[in-house]
Amino acid sequence: MHKRRLAILGSTGSIGRQTLDVVRQHPDLFEIELLTANTSSDLLIRQAIEFNANSVVIRDEARYREVADALEPHYIKVFTGMDSICSLAAGDNVDIVVTAMVGFSGLESTVAAIRAGKTVALANKETLVAAGKLVTEMAVKHNAAILPVDSEHSAIFQCLQGSHGAEIEKIHLTASGGPFREWPEEKIAAATKEQALRHPKWNMGSKITIDSATMMNKGLEIIEAKWLFSVEPERINVVVHPQSVIHSMVEFADGAVIAQLGHPDMREPIQYALSYPARLPLDNRKLDFAELASLTFHAPDKKKFPALELAYEAIARGGNMACIMNAANEEAVSAFLHDRIGFYGITDIVAECMDGVDFVGEPTLEDIFATNDAARRRAQEIISKKNL
Ligand code: MG
């Protein structure tokens, strides 16, 4: 494997930091061309120096001077703003773009990377949820590979290696069930953000941790799987698997099921996306089957976790509906994290926005950006009414 040059968009977040940990273990195989962050200037500066990045972007203009002054003695180029992220990610010196930003804000730069024909290690699932049809068509047109970083989708991708294009009968998408898996509905209704942020298995950023508690994360992942693997939703089965050892499974026409297993550690799917098709050593915890004792499975409770049905509904309605769902969810999660709404307020707001924002059957990229704005405004209106 010759050295691969990486652009990590969102390097100071949870996925970004774990990506750099993978790079740290293989300095002879990966080098850092570009790091970007929204506001975390201190960490961005430290990362840029440690990995000798060629350039960095601090999105928040108010922090540009601080970052530029710190990195000037190291001859690291510093830029600011979304346009810089897009043009540098598309640059000739980049082989792989890791999209590790949070939410819809990742769409613009992901599109820029795809249009430049880059290999995209996709950690930003909202991009495919909001604009899956456009983004996957664009990737084919520009010959850009999209390699999944999301652990479930990496598992499916790994299970498909060696299948020689055999059709997928079913995808079994595993879910940990989140912190409220065993709670009764009345108790979930009164859940605080502290309780929702305590994920039993995965250590992740706050947006995705709340999405795991509502199971909207699994809803987003159903849509992500549909686009990544061209599988219709009726062939995507969500199964709760509290141990999070099986990261997902693929079933073929003959009933054979291939699963991918490991202790939950995001560095494994990240590294596979970076080294694909090669496999590299990793200093993670290895499975001891004698110690595992048992793996359990059950169907998700769709009444306690309405987000799953909302996701299936969004796929069925098509067009910009998943974009509406995603935008409303981002606003609602943020409101929940600011103690402005209760836990079930999140999915209530999503459902209300899916019925109240203008539907577009065949959206263009411009329509997707407009839908995102409209759905956020609608969600904000609902949230402010709830506050009165
Ligand atoms: Mg996942």
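The values are calculated or read from the model by the stated rules, or taken from the named source; none is laboratory data. Small disclaimer: the values here were computed from a predicted structure and weren't measured. With ideal geometry, Cβ positions are generated from the backbone for all residues, glycine too; neighbour counts draw on all protein chains shown. Remember, those area values only see protein heavy atoms, side chains included, never the ligands or the DNA or RNA. Shrake-Rupley method; radii C 1.70, N 1.55, O 1.52, S 1.80 Å.
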Quiz prompt | Residue that is nearest to the chain's Cα centre (by Cα) [pool: residues in segment 76-100 that are hydrophobic (A, V, I, L, M, F, W, C) and within 16 Å of the ligand (Cβ to nearest atom)] | solution = A100
Exercise. Please verify whether segment 127-147 includes one or more residues that are over 23 Å from I368 (Cβ atoms), open to solvent by 40 Å² or more (accessible area, probe 1.4 Å) and over 21 Å from the mean Cα position of the chain (by Cα).
Key: no
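Okay, residues lined up against (1) within 15 Å of the ligand (Cβ to nearest atom); (2) of a type in the set (A, V, I, L, M, F, W, C); (3) open to solvent by 10 Å² or more (accessible area, probe 1.4 Å):
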site	(1), (2), (3)
G165	no, no, yes
A190	no, yes, yes
L197	no, yes, yes
E221	yes, no, no
Quiz item: Is it the case that S294 is more than 21 Å from the chain's Cα centre (by Cα), among the small types (G, A, S) and either assigned to a loop (DSSP other than H, G, I, E, B) or in the same structural domain as S334 (by TED's automatic domain parsing) (or both)?
Solution: yes
Quiz item: How about segment 237-259: which of its residues are touching an Asp or Glu at 6+ places or on another chain (Cβ under 9 Å) and not in a loop (DSSP other than H, G, I, E, B)?
Solution: N237, V238, V240, H247, S248, V250, E251, F252, V257, I258
Exercise. All but one of (1) open to solvent by 10 Å² or more (accessible area, probe 1.4 Å); (2) touching a residue at least 40 places away in the same chain (Cβ under 8 Å) hold for H338, so report the exception by its number.
Key: (2)
Exercise. From S248, S244, grab the single residue that is touching a Lys or Arg at 6+ places or on another chain (Cβ under 6 Å) and buried (at least 17 other Cβ atoms within 10 Å of the Cβ).
Key: S244
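Among the residues that make up segment 60-73, is at least one of them open to solvent by less than 60 Å² (accessible area, probe 1.4 Å), assigned to a strand (DSSP E or B) and in contact with a strand residue (DSSP E or B) (Cβ under 6 Å, 6 or more places away or on another chain)?
Applying the first criterion (open to solvent by less than 60 Å² (accessible area, probe 1.4 Å)) to segment 60-73 yields 60, 67-68, 70-71.
Next cut, assigned to a strand (DSSP E or B) only: none.
So far as segment 60-73 goes, no, none of its residues is open to solvent by less than 60 Å² (accessible area, probe 1.4 Å), assigned to a strand (DSSP E or B) and in contact with a strand residue (DSSP E or B) (Cβ under 6 Å, 6 or more places away or on another chain).
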Self-check item: Which listed residue, of K170, K77, K125, is of a type in the set (K, R) and out of contact with any helix residue (DSSP H, G or I) (no Cβ under 7 Å at 6 or more places or on another chain)
Solution: K77
Quiz item: Can you tell which of R285, R235 is open to solvent by 40 Å² or more (accessible area, probe 1.4 Å), farther than 23 Å from G13 by Cβ, at pLDDT 95 or above and out of contact with any helix residue (DSSP H, G or I) (no Cβ under 6 Å at 6 or more places or on another chain)?
Solution: R235
Quiz item: Under the condition of being crowded, with 20+ Cβ neighbours inside 10 Å and not small (G, A, S), which residue from segment 363-375 is farthest from E126 (Cα to Cα)?
Solution: P363
Exercise. Scan segment 91-116 and report the pairs whose first residue is outside the structural domain of S206 (by TED's automatic domain parsing) and whose second residue is part of a helix (DSSP H, G or I) and among the acidic types (D, E), with Cβ atoms within less than 6 Å and a gap of 6+ or a chain change.
Key: G103/E126; G103/E330; F104/E126
